[in-house]
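So the structure is just underneath, and the comments pick up after that.
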Amino acid sequence: MGIPVLGSGRQAAEIVQRFRKKNTQIDEIVIAMPSVTGRKLNEAIAHCRATGVPCKTVPSVATLLTGQVLVSQIRDISTNELLGRKPVRLDEEVIRGSIEGRSVMVTGGGGSIGSELCKQVASFRPEKLIIFERAESDLFRIHNDLVQRFPHVEIIPLIGDIQQYSNVEQAVQNHSVNSIFHAAAYKHVPMMERHLVEAVKNNVLGTRNVVNAAAYNGVDNFLMISSDKAVNPTNVMGLTKRVAEEIASAMPSSEESSQTKFVSVRFGNVLGSNGSVVPLFREQIAKGGPVTVTHPDMKRYFMTIAEAVQLVLQASTMGKGSEVFVLDMGEPVPIVNLAREMIRLSGFEPDVDIEICFTGTRPGEKLFEELVLEGEQIVPTYHEKIKIFRGARMSRPEIDQWLKELQSLVSRENELSIMQHLRSLVPEYQPDGRWRAMLQPQRVRGAVVS
Ligand SMILES: NC(=O)c1ccc[n+]([C@@H]2O[C@H](COP(=O)([O-])OP(=O)(O)OC[C@H]3O[C@@H](n4cnc5c(N)ncnc54)[C@H](O)[C@@H]3O)[C@@H](O)[C@H]2O)c1
């Protein structure tokens, strides 16, 4: 076809270097060896990876023969299509109407969910996009990316901490913010099991600060990103997110003049977010294994980040105030199948080339996360993938009093009394691991002391 053959795979690094010297950048290497598996493919990938250029493989012949993929679908080793779902149906005009020409702030804008929110919000041409983030390098990265992609949008990077009320209030006032997407949070389950006070300061009191800044400064819309782990929580992370939902959905008292519509959106894991299984498995596969899965029966809901954020934006246009929206994540995926699929997509045979080993569940981890999508408390919306959870709601004065007491317990850093106070708001919390041991009723001389 007139395309020059430059050499063999072993020479990949040398060839890339040769082109670099001529000021020609190689953007991508496609490893088109579908009949090769195991050691040979491993070698080919290693040679190509050594160049530092992104690599893609075509699926193995076995996968092609099962008809699961088309030959034309060259797969990224970064596997973004693991779920094979249809694109989400969106009412873009309604979303545009809620963002175009307005001042929008995203907290935690440097994180996995926050940065995707920033990208999608920017694509609807807000007047201003304020990225509120505590981690300087993540803020720097997302800001750089966005100014290049969206030169017509004013993008303002703000280093700030939601734990400091004045930081949030200044951001809202200085930029006359109309809408807030609140994605700043701590999210790692095992980490939060050990850091109750920090989890409460960030996820609960931090959320209170953002909610109050929105209410006192005439913000029109506030949306908090929640998690399936807030449903009947078994860990500190989920517990704090459930409390944060309660704060956001508290009913304003009749004399309050706040015009803000507060909503939360719950969903399960997204593919490829910071610290999630996909980057972990990718790293383990690149090292030649083993790939670690906690339990053979462990299942999780998965969506791509883009899919989840599209639905979040759609839900943001539906809120009348105080709702908790729940996204339908499709069927839960056994984690071990995800591991196998990723190993195959990287050109290896699971359990032959790369071993899968089971490490056991960690405290607070459920085998299966619930996302209640049916029952009396669930109300459908006009979008088939978005439902509303109608739980009992507290009034704003009630939650404010509860928060005042929490704040004073946090200042004394007494973990047990903080936990008891949290449980008074979320009685369905089922502690696990060290928290179960700490909260178990103790028998003392025949009396039960809780
Ligand atoms: N990743 C998922 O699979 C997933 C799924 C459902 C819900 N969620 C929820 O979305 C939220 C964000 O998750 P993520 O995956 O984007 O996490 P992430 O760690 O990638 O992002 C969180 C961001 O918030 C910032 N942040 C944290 N505390 C802050 C503070 N006090 N002030 C300012 N910025 C702060 C962090 O620096 C980070 O950039 C969490 O509440 C999580 O439970 C995540």
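The values are calculated or read from the model by the stated rules, or taken from the named source; none is laboratory data. Given the structure is predicted, the values throughout are model-derived calculations rather than measurements. Note that we place each Cβ from the backbone using ideal geometry, even for glycine, and neighbour counts take in every protein chain shown. What goes into the accessible areas is simple: the full protein's heavy atoms, side chains included, and nothing from ligands, DNA or RNA. Shrake-Rupley method; radii C 1.70, N 1.55, O 1.52, S 1.80 Å.
Taking (1) closer than 24 Å to residue 116 by Cα; (2) more than 9 Å from the ligand (Cβ to nearest atom) in turn, residue 198 satisfies each apart from (1). Determine the pairs where a residue that is farther than 23 Å from residue 393 by Cα, located within segment 413-426, has a partner that is in a helix (DSSP H, G or I) with Cβ atoms under 6 Å apart, the partner being 6 or more residues away or on another chain. Within 6 Å, the pairs are 413/197; 415/196; 417/409. Within segment 162-185, identify whether any single residue is more than 24 Å from residue 267 (Cβ to Cβ), within 13 Å of the ligand (Cβ to nearest atom) and of a type in the set (D, E, K, R), and answer yes or no. There is no residue in segment 162-185 that is more than 24 Å from residue 267 (Cβ to Cβ), within 13 Å of the ligand (Cβ to nearest atom) and of a type in the set (D, E, K, R). Summed over segment 173-184, residues that are within 24 Å of the chain's Cα centre (by Cα) and surrounded by fewer than 24 Cβ atoms within 10 Å (Cβ to Cβ) total 2. A Cβ distance below 7 Å, combined with a sequence gap of six or more or placement on separate chains, defines the contacts here; from segment 45-58, residues that are within 15 Å of residue 19 (Cβ to Cβ) reach residues that are assigned to a strand (DSSP E or B) and of a type outside the set (Gly, Ala, Ser) in the pairs 48/29; 48/31; 48/55; 51/29; 53/29. If the condition is being in a loop (DSSP other than H, G, I, E, B), open to solvent by less than 70 Å² (accessible area, probe 1.4 Å) and either farther than 30 Å from residue 191 by Cβ or touching a Lys or Arg at 6+ places or on another chain (Cβ under 9 Å) (or both), then segment 373-407 contributes 373, 375, 381, 383, 385. Taking each residue of segment 194-212 that is assigned by TED's automatic domain parsing to the domain that holds residue 164 and looking for partners that are among the charged types (D, E, K, R) and part of a helix (DSSP H, G or I) with beta-carbon atoms closer than 7 Å, six or more apart or interchain, yields 196/415; 197/415; 203/241. Within segment 312-362, the set of residues being of a type in the set (D, E, K, R), open to solvent by 60 Å² or more (accessible area, probe 1.4 Å) and not in a helix (DSSP H, G or I) comprises 320, 331, 349, 351, 355, 362. The set of residues in segment 132-166 that are of a type in the set (Phe, Trp, Tyr) and under 19 Å from the mean Cα position of the chain (by Cα) contains only 132. Scanning segment 90-107 turns up no residue that is within 9 Å of the ligand (Cβ to nearest atom), within 19 Å of residue 210 (Cβ to Cβ) and open to solvent by 20 Å² or more (accessible area, probe 1.4 Å). Residues in segment 208-267 that are surrounded by 24 or more Cβ atoms within 10 Å (Cβ to Cβ) and over 23 Å from residue 426 (Cα atoms) were compared, and the one that is farthest from the ligand (Cβ to nearest atom) is 219. For segment 120-157, which residues satisfy the criterion of being open to solvent by less than 60 Å² (accessible area, probe 1.4 Å) and within 13 Å of the ligand (Cβ to nearest atom)? Hits for segment 120-157 are 130, 131, 132, 133, 135, 138, 139, 142, 143, 157.
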